[in-house]
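Written out below as structure tokens is the structure these notes cover.
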Amino acid sequence: MNSTSPVDMFALTIGGITRDVPLVRLASNRRLPLVEFLGDTQLCAAAALELQKLLPENAQVLFTCETSSIPLVHDLAQISKLPYEVARKRRRPYMNDPLIQEVASMTLGVGETLWLDKNRSENLKGKQVVIVLDVVASGGTIQALERLILRSGGKVCARVAAFSQGKPKLELKVAQELPIFDGVG
Amino acid sequence: METHRVQIGSISRDLPIIEVAPGVSVALFNLLGDAPMTEEAGKLLAAKLPSNVDVLITPEVKAVPLAHVISRITGKPYIVARKTAKPYMKTPVVREVISITTGKPQLLVIDGFDVDIIQGKNVAIIDDVVSTGGTLRSLSSLMAEIGGTVVATLTVFTEGDARDDVISLGHLPLYLKK
């Protein structure tokens, strides 16, 4: 596909499943295919099978953050028989002594905060933890999740993602690299 | 730590009893991180889904994997009511609600793309725990506003007062200190 021609849709394919998705504009005036796993059980199942191939043999726990990656990680946990944990984006009333981690989100240009309740962080302690995300852009979220793993006393075993926007800048196993389209359209 | 034992189908869990407000404690049920329980509860709730339901709707965040499983089993699409409007949404419908647990205003947001799926359809609300029903009321009126009809609510647990207006698999007590 010619990355300078103005197109509105992109044929997104993973694990033999294809979706025609809209291109969305970034602040930088570049455009990216919109990936949405929420509401799409078929796409989740197909992507989870692809991600399973990327899991190291010594993986013990999967780790993600809310919300869009949750159904994908649920499916991956189910087929790999591994437990998973979710870092939250808001403090919940039931949290007790949570770990609090700032994340610099490049997509919005504003900081976010991740929360991991103490009794959940104990499930990462001493474990080989795999970070799992639906889409990786700048890697800011991955770095914040990594900090949470280390602060919980766990080890970062691998980072895997269904899609990356362009070539990932950090060490990351991706099932599918997404093109970035130029400006107008 | 004090716990409360629950059994859903073949799976039992000891839920920690946690104080969430002065004098108010709950048995904390969390499907996030519990794929086997999510699958079991999803299977049992899917079997109870009324046949006239066209589409499932769930509030972000904790019930998302449950709606995902029920959708996969029944083939009915599911939509997530988000807590924030996203830059990529097409003309989102936004409703402000006051959260019972935090007392803070919170948003329910439906993407314009999803409005088209809900319009003129029978909707089932999927949640993990229904307590005071505040989220239910907000979601129901939001559905009515965009032309959907809520015909059922399915939840793993009701909490506090027993209620017969939702389909559930069990009940959790509220722990109130006088």
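Per the listing A:A158, A:A104, A:A162, the residue uniquely under 24 Å from A:F10 (Cα atoms) and either more than 14 Å from chain B (Cβ to nearest Cβ) or without any contact (Cβ under 8 Å) to a residue 60 or more places away in the chain (or both) is A:A162.
Within the stretch B:26-52, being more than 28 Å from A:L76 (Cα to Cα) and either modelled with pLDDT under 95 or of a type in the set (A, V, I, L, M) (or both) holds for one residue alone: B:V26.
Residue-wise test of (1) touching a Leu at 6+ places or on another chain (Cβ under 6 Å); (2) more than 11 Å from chain B (Cβ to nearest Cβ).
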{"residue": "A:A77", "(1), (2)": "yes, no"}
{"residue": "A:A87", "(1), (2)": "yes, no"}
{"residue": "A:V130", "(1), (2)": "yes, yes"}
{"residue": "A:L133", "(1), (2)": "no, yes"}
{"residue": "A:G140", "(1), (2)": "no, yes"}
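Scanning the stretch B:53-78 for residues that are at pLDDT 95 or above and either assigned to a strand (DSSP E or B) or away from chain A (no Cβ under 11 Å) (or both) yields a total of 7. Checking the structure you have, find out if any residue of the stretch A:24-40 is more than 17 Å from the chain's Cα centre (by Cα), on the phi > 0 side of the Ramachandran plot and more than 8 Å from every other protein chain (Cβ to nearest Cβ). Taking every residue of the stretch A:24-40 in turn, at least one turns out to be more than 17 Å from the chain's Cα centre (by Cα), on the phi > 0 side of the Ramachandran plot and more than 8 Å from every other protein chain (Cβ to nearest Cβ). Tell me whether the stretch B:101-117 contains one or more residues that are of a type in the set (D, E), modelled with pLDDT under 95 and not in a helix (DSSP H, G or I). Looking for residues that are of a type in the set (D, E), modelled with pLDDT under 95 and not in a helix (DSSP H, G or I), one finds at least one in the stretch B:101-117, hence yes. Scanning the stretch A:39-53 for residues that are free of Cβ contacts under 8 Å to residues at least 40 places away in the same chain, under 20 Å from A:I142 (Cβ atoms) and of a type in the set (A, V, I, L, M) yields one hit, A:A48. Quick check on B:T153: is it surrounded by fewer than 18 Cβ atoms within 10 Å (Cβ to Cβ), more than 14 Å from chain A (Cβ to nearest Cβ) and modelled with pLDDT of 95 or more? So B:T153 fails the test. Being without any contact (Cβ under 8 Å) to a residue 40 or more places away in the chain, away from chain B (no Cβ under 11 Å) and surrounded by 14 or more Cβ atoms within 10 Å (Cβ to Cβ) is a condition met by no residue of the stretch A:54-67.
Residue-by-condition table, conditions (1) within 10 Å of another protein chain (Cβ to nearest Cβ); (2) outside any helix (DSSP H, G or I):
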| position | (1), (2) |
| --- | --- |
| B:E40 | no, no |
| B:A46 | no, no |
| B:P87 | yes, yes |
| B:R95 | no, yes |
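Looking only at the stretch B:141-173, residues that are outside any strand (DSSP E or B) and under 12 Å from the mean Cα position of the chain (by Cα) come to 1 in all. Within this structure, B:T135 passes the test of being at pLDDT below 90, of a type outside the set (D, E, K, R) and in contact with a strand residue (DSSP E or B) (Cβ under 6 Å, 6 or more places away or on another chain). The strands (runs of 3 or more DSSP E) found wholly in the stretch A:1-103 and carrying at least 2 residues that are in contact with a Lys or Arg (Cβ under 6 Å, 6 or more places away or on another chain) and more than 27 Å from B:A27 (Cα to Cα) occupy A:17-25. Residues in the stretch A:125-146 that are part of a strand (DSSP E or B) and either farther than 25 Å from A:G39 by Cα or under 9 Å from the mean Cα position of the chain (by Cα) (or both): A:Q128, A:V129, A:I131, A:V132, A:L133, A:D134, A:V135, A:V136. Of all the residues in the stretch B:69-95, those that are touching a Phe, Trp or Tyr at 6+ places or on another chain (Cβ under 8 Å) and more than 28 Å from A:N29 (Cβ to Cβ) number 2.
The C-beta contact set for the stretch B:119-140 (first residue assigned to a helix (DSSP H, G or I), second residue of a type in the set (K, R), distance under 7 angstrom, 6+ apart or interchain) comprises B:S138/B:R95.
The values are calculated or read from the model by the stated rules, or taken from the named source; none is laboratory data. Here the structure is a predicted model, which means the values were calculated and not measured. Here the Cβ is made from the backbone with ideal geometry for all residues, glycine too, and neighbour counts use every protein chain on show.
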